[in-house]
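Report on the following structure.
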Amino acid sequence: MCQDSFYHELTEEELATVHEYNFDHPDSFDTEKLLDSMENLRHGQAVDIPNYDFKSYKNSVFPARRVNPSDVIILEGILIFHDPRVRELMNMKIFVDTDADVRLARRIRRDTVEKGRDIGVVLDQYSKFVKSAFDDFILPTKKYADIIIPRGGDNHVAIDLIVQHIRTKLGQHDLCKIYPNLYVIQSTFQIRGMHTLIRDSQTTKHDFVFYADRLIRLVVEHGLGHLPFTEKQVITPTGSVYTGVDFCKRLCGVSVIRSGESMENALRACCKGIKIGKILIHREGEDNGQQLIYEKLPQDISERHVLLLDPILGTGNTAVKAISLLTRKGVPESNIIFLNLISAPQGVHVVCKSFPRVKIVTSEIDIGLNEGFRVIPGMGEFGDRYFGTDDDDLQVVPPSQ
């Protein structure tokens, strides 16, 4: 999207004195039409962009250009940061800082070749309007930029960083764009391969445990990265000073019995001597209601950061019950990190809306839930597969009369 497409058509009076018209003033653009086009694109609607003719100064000479909605929209123009309403639409604002001589040379080449103007007219316009407009309207908007690129297109390092940032954003799950407290670890062929193995119904218990442990370790490590840290200096064996960080000291784990207990070994391997509490929550009936059966938590849990462990986030009801218990015990929402291997979108919505300051760290988000409230494609009953049990091995003891 080019701002130049949204120049106002000149009236007959303006055409009569076109060389006195300031095309570098913010008022020369139809900003309302630009805003309307951008809003339609953001809502997934194709738009027809005017094809402005710089020889006749009309936008009706050539057919409009159809622009389809996309994951990335680039809006370009020298005065694009001037209107605050336009700035608010942008996720990233980039100011290309180019030398004045280069700007003049480019303008001469563009206006003479593309717009058919005489070089004398171009230079006259530059001295009358362009230079002062840059000082008055363009340069002051530099302060609104998130990124400033010196040397323009020759700055390959800056361009590569921007491209990588956009690729990272595109790689995020859509839910991460909705909930800033949701983190999905970056997928690699290794991670996808491990997911393939643990989701395969034919995988042996031994292999399931092996690859599940590997994935759990990655999730735990990622979760620990969201804990607060303090700067710390140490002396290395060479007598040099190394400036690093110190791990969070006040920390504990809480596993949701029994699947969550599969994640305890990975947490202990990462955090030596960490305290781990237990919560047992029973699922009741087809509505997936929850009942707290048992809890054993550190007495000083309100003073600690808590890593809540449960490999599957399905409906979110169990997680909400567990987090509610932690908050009642005095744990601040912002001190809770919920770690799991796979999440259903329904569960993510429930937890994030109920506790917007609780961080969720997962390795993959699945399609959703089936009629039995099981995650699909999922990986079955995680606890049964991990601990080598199934429904046939379990005996239900009726309560005494």
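In region 95-114, which residues are out of contact with any helix residue (DSSP H, G or I) (no Cβ under 7 Å at 6 or more places or on another chain) and surrounded by 13 or more Cβ atoms within 10 Å (Cβ to Cβ)?
D97, R103, R110
Here are D384, D366: which of them is surrounded by fewer than 23 Cβ atoms within 10 Å (Cβ to Cβ) and within 20 Å of the chain's Cα centre (by Cα)?
Exactly one residue qualifies, and that residue is D366.
Which pairs do you get when a residue that is farther than 14 Å from I73 by Cα, found in region 30-50, comes within reach of a residue that is assigned to a strand (DSSP E or B) and not charged (D, E, K, R), reach meaning Cβ atoms under 8 angstrom, with the pair 6+ apart or on two chains?
Within 8 Å, the pairs are D30/Y7; D48/V67.
Answer yes or no as to whether I80 is of a type in the set (V, I, T), within 41 Å of the chain's Cα centre (by Cα) and surrounded by 15 or more Cβ atoms within 10 Å (Cβ to Cβ).
Answer is yes for this residue.
Considering each of P311, P298, P332, P345 in turn, give the residue that is of a type outside the set (K, R) and surrounded by fewer than 16 Cβ atoms within 10 Å (Cβ to Cβ).
Matching residue, one of P311, P298, P332, P345: P332.
Here's a check for you: in region 62-77, which residue that is surrounded by 13 or more Cβ atoms within 10 Å (Cβ to Cβ) and of a type in the set (V, I, T) is nearest to V113 (Cα to Cα)?
The selected residue is V67.
Could you please find all residues in region 1-58 being of a type in the set (F, W, Y) and at pLDDT 90 or above?
F6, Y7, F29
So is D154 within 26 Å of I73 (Cβ to Cβ) and among the charged types (D, E, K, R) or not?
yes
Sort out which residues of region 89-116 are closer than 19 Å to I138 by Cβ and among the acidic types (D, E), and write them in order of number.
Within region 89-116, D97, D99, D101, D111 meet the criteria.
Please name all residue pairs, on different chains or six or more residues apart, with Cβ atoms under 6 Å, provided the first residue is in region 3-24 and is hydrophobic (A, V, I, L, M, F, W, C) and the second residue is surrounded by 10 or more Cβ atoms within 10 Å (Cβ to Cβ) and in a loop (DSSP other than H, G, I, E, B).
F6/D30; L10/Y57
Between V219, V209, which is touching a strand residue (DSSP E or B) at 6+ places or on another chain (Cβ under 8 Å), surrounded by 13 or more Cβ atoms within 10 Å (Cβ to Cβ) and not polar (S, T, N, Q)?
None of the others qualify; the one that does is V219.
It is to be established whether one or more residues within region 118-140 are outside the structural domain of G368 (by TED's automatic domain parsing), within 30 Å of I360 (Cβ to Cβ) and surrounded by 15 or more Cβ atoms within 10 Å (Cβ to Cβ).
no
Keeping to region 153-177, report how many residues are exposed (fewer than 12 other Cβ atoms within 10 Å of the Cβ) and either among the small types (G, A, S) or under 16 Å from the mean Cα position of the chain (by Cα) (or both).
Residues in region 153-177 being exposed (fewer than 12 other Cβ atoms within 10 Å of the Cβ) and either among the small types (G, A, S) or under 16 Å from the mean Cα position of the chain (by Cα) (or both): 9 in total.
Okay, residues lined up against (1) acidic (D, E); (2) under 41 Å from the mean Cα position of the chain (by Cα):
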residue: E14; (1), (2): yes, no
residue: Y21; (1), (2): no, no
residue: D24; (1), (2): yes, yes
residue: S28; (1), (2): no, yes
residue: L34; (1), (2): no, yes
residue: V47; (1), (2): no, yes
residue: K55; (1), (2): no, no
residue: N59; (1), (2): no, yes
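Would you mention how many residues in region 39-60 are exposed (fewer than 12 other Cβ atoms within 10 Å of the Cβ) and within 21 Å of T17 (Cβ to Cβ)?
1
I need every pair where a residue in region 116-134 that is over 20 Å from I78 (Cα atoms) has its Cβ under 6 Å from the Cβ of a residue that is exposed (fewer than 15 other Cβ atoms within 10 Å of the Cβ) and not aliphatic (A, V, I, L, M), sequence separation at least 6 or different chains.
Filtered contacts from region 116-134: G116/K55; I119/T112.
Rundown of residues vs (1) modelled with pLDDT of 95 or more; (2) of a type in the set (D, E, K, R); (3) under 24 Å from T389 (Cβ atoms), yes/no style:
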residue: H173; (1), (2), (3): no, no, no
residue: K177; (1), (2), (3): no, yes, no
residue: T188; (1), (2), (3): no, no, no
residue: F210; (1), (2), (3): yes, no, yes
residue: T230; (1), (2), (3): no, no, no
residue: R250; (1), (2), (3): no, yes, no
residue: R258; (1), (2), (3): no, yes, yes
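Does region 319-340 hold any residues that are under 12 Å from S255 (Cβ atoms) and not hydrophobic (A, V, I, L, M, F, W, C), and which are they?
If the condition is that a residue be under 12 Å from S255 (Cβ atoms) and not hydrophobic (A, V, I, L, M, F, W, C), then N340 is the only one that fits.
If A145 meets every condition in (1) surrounded by 15 or more Cβ atoms within 10 Å (Cβ to Cβ); (2) within 27 Å of the chain's Cα centre (by Cα); (3) touching a residue at least 24 places away in the same chain (Cβ under 8 Å); (4) closer than 18 Å to L341 by Cα apart from one, which number is that one?
Exception for A145: condition (4).
What's the number of the condition G239 fails, among (1) of a type in the set (G, A, S); (2) in contact (Cβ under 8 Å) with a residue 24 or more places away in the chain; (3) part of a loop (DSSP other than H, G, I, E, B)?
For G239, the failing item is (2).
The values are calculated or read from the model by the stated rules, or taken from the named source; none is laboratory data. Every value quoted in this text rests on a predicted model; they were computed, and no experiment measured them. Cβ sites come from the backbone with ideal geometry, for glycine too, and all protein chains shown count toward neighbours.
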